[in-house]
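This report concerns only the one structure given below.
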Amino acid sequence: MSDFVTGHPSTHGDSYQLNTTNLFRQAVATHPEQEIVFRDAAGEWRTTSYAATWRRVARTAHALAGIGVGPGDVVGVLDWNHLRHFELYWAIPGIGAVMLQMNLRLAADDLAYVVEHAGATVVCVDESLLGQAEELAARCPQVRHWVVMSDRPLPEIETSLPDPLDHEALLARQDEEFDWPVIDETSAYSACYTTGTTGRPKGVFYSHRGIVLHTMMWAADQAVGDHDNVLLTTPMFHAQCWGLPQVAVYARARVVLPGRFSAEEIGVLAQAMVDYEVTVTNGAPAIFAPMLEYLRSLPEPPDLSRARMISGSTEPPLSLIKGYHDLTGASIVHGYGATETTPLVTSNRPKPSLEGRLDEHEFWDLKRSQGLPVAGVDIRLLGAGGSFLPHDGTSVGEICIRGPWITESYWKSDDTDKFHRGYWRSGDMGVITADGYLKITDRLKDVIKSGGEWISSIDLENALAGHPAVRQAAVVGAPHPRWQERPVALVVPEPGHDVDLGGLRTHLAATFAKWQLPDEIIVVADLPRTSVGKLDKKALREEYAGFYSER
């Protein structure tokens, strides 16, 4: 670690605290008329403004204070990407409390653990999720108030929640102005829990300072401004919707809130991209791929040439990146991050110095990498001996990250194995090229060790997914009596396609050595996923643990 020194005093306003409240307050001062388009519980699209929403944020702050919420208290939110959820993003931290993001896709036991471990005493729940809230109520005795959010009056709603409160009734009698406090910028503004497939979820408490700096970075990196239309696709209940709600408001952009949607209703998102001329959105390939199919079904391809679609969770296949580019002109911008990193820490964009150096194949291949570290974070590769490795494009190490919005610990946890010399250890293996581009080669636990050599499951998956007959692919290592581990590949066919296994092997053989090829390729109807849409490799490893030994 470098020496820490104190230099000459400054005359800057270092006492001015970075608070989330100021992002919205300052946006309303200059762009009160800016639109917020939202989809309500009935599925209807409606429009409000920054000024009107800010008044409801003030009412919400009054209502929370009125039921005893104060600085340091934790308020859970169980909701979709609705307008009320968006309002709580500002009202809860604005009074010095902590907004707990409740991942509604977690199992009941894990979600109850999150609520209790975080110390939530109030939970705001959308009417559509009352069943989940009722299941949690008996397991979460710390929660003293359950606030029901609905367009209907509470007497018309049947629920077994203990003494529920009516969100809209609370707001109706509140003032539209609030005397917002100045909050110590190192105070937590929100909390999110990891959704790992091993062990209990771990808590990350984000500071006001961290999210404001992250917001400024992302807005600058993607040049987001008041000419943009921002669609919040990633769930607002996990990883802060990747920080996009704050970016949109900081940039004074038009905000588009799709409300509740499912994979079966993907047309809602795709049509919103077209109808509201979306220029910035976020999501995973698992969402962007069916959106692309919907757009292909339209009579005329839409012009989305201004759109920057921030793609995370898993590496987007080249077929997806090229598909959007060729059909609509939209850019898939591969990013990388995690709950622990707020989350964005890389952004894939070609550097000017690469112009003329890359041929077409190299250019598209570069788009598959996680990209360049964004301004403000430091990324290193940790070797087996505990030293950092060179950035030469070949040295593979564990990706380690530090910076002003990277967590340095977990809440109420003595887990120190995830940290090294001030860096958070991601558990991802990767390389960094001499040009600075990060490329993940695998998860530390997903690398397949066969006969003493490493095989990247991610590279195999991406190659399989690049075949026109394959919609999705997963590769896991299964114990092997001779080779320690061997890869097992599973593929989901594209609708209307038959998978020729021999053709798939030929397709892979063009890129991989013979010993790296899967011994078996299995066609399946679907693949298991975690609560945030990632491939559930743990479930697959368990399912195929005896695949070779039993044969």
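What to note about this one:
- For VAL230, the conditions (1) closer than 23 Å to PHE261 by Cβ; (2) in a loop (DSSP other than H, G, I, E, B) all hold with the exception of (2).
- Among strands (runs of 3 or more DSSP E) entirely within the range 293-401, having at least 1 residues that are in the same structural domain as ASP417 (by TED's automatic domain parsing) and of a type in the set (Lys, Arg) singles out 378-382.
So that you can scan it fast, the table gives a plain yes or no per residue for (1) touching a Pro at 6+ places or on another chain (Cβ under 8 Å); (2) surrounded by 15 or more Cβ atoms within 10 Å (Cβ to Cβ); (3) closer than 30 Å to LEU111 by Cβ; (4) not aromatic (Phe, Trp, Tyr):
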| site | (1), (2), (3), (4) |
| --- | --- |
| ALA465 | yes, yes, no, yes |
| PRO479 | no, yes, no, yes |
| LEU490 | no, yes, yes, yes |
| HIS497 | yes, no, no, yes |
| ILE522 | no, no, no, yes |
| THR530 | no, yes, yes, yes |
| GLY533 | no, yes, yes, yes |
| GLU542 | no, no, yes, yes |
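- From the options ALA120, ALA91, residue that is among the aliphatic types (A, V, I, L, M) and either closer than 26 Å to GLU176 by Cβ or in contact with a Lys or Arg (Cβ under 9 Å, 6 or more places away or on another chain) (or both): ALA91
- Checking ASP359, ASP378, ASP428 one by one, the residue that is at pLDDT below 95 and either in contact with a Gly (Cβ under 7 Å, 6 or more places away or on another chain) or closer than 24 Å to SER457 by Cβ (or both) is ASP428 and no other.
- Helices (runs of 4 or more DSSP H) contained entirely in the range 452-551, each with at least 3 residues that are more than 24 Å from the chain's Cα centre (by Cα) and at pLDDT 90 or above: 501-509
- Residues in the range 36-58 that are of a type in the set (A, V, I, L, M, F, W, C) and at pLDDT 95 or above: ILE36, VAL37, PHE38, TRP45, ALA51, ALA52, TRP54, VAL57, ALA58.
- Flag for THR159 being at pLDDT below 95 and within 19 Å of ALA108 (Cβ to Cβ): no
- Failed item, numbered, when LEU171 is tested on (1) over 20 Å from MET102 (Cα atoms); (2) touching a residue at least 24 places away in the same chain (Cβ under 8 Å); (3) not in a helix (DSSP H, G or I): (3)
- Any chance ASP151 is assigned to a loop (DSSP other than H, G, I, E, B), out of contact with any strand residue (DSSP E or B) (no Cβ under 6 Å at 6 or more places or on another chain) and under 25 Å from ASP40 (Cβ atoms): yes
- Test: residue in the range 366-376 that is in contact with a His (Cβ under 8 Å, 6 or more places away or on another chain), aliphatic (A, V, I, L, M) and more than 30 Å from ALA118 (Cβ to Cβ): no
The values are calculated or read from the model by the stated rules, or taken from the named source; none is laboratory data. In this text, all values refer to a predicted model and were calculated from it rather than measured experimentally. Cβ: placed from backbone, ideal geometry, glycine included. Neighbour counts: every protein chain shown.
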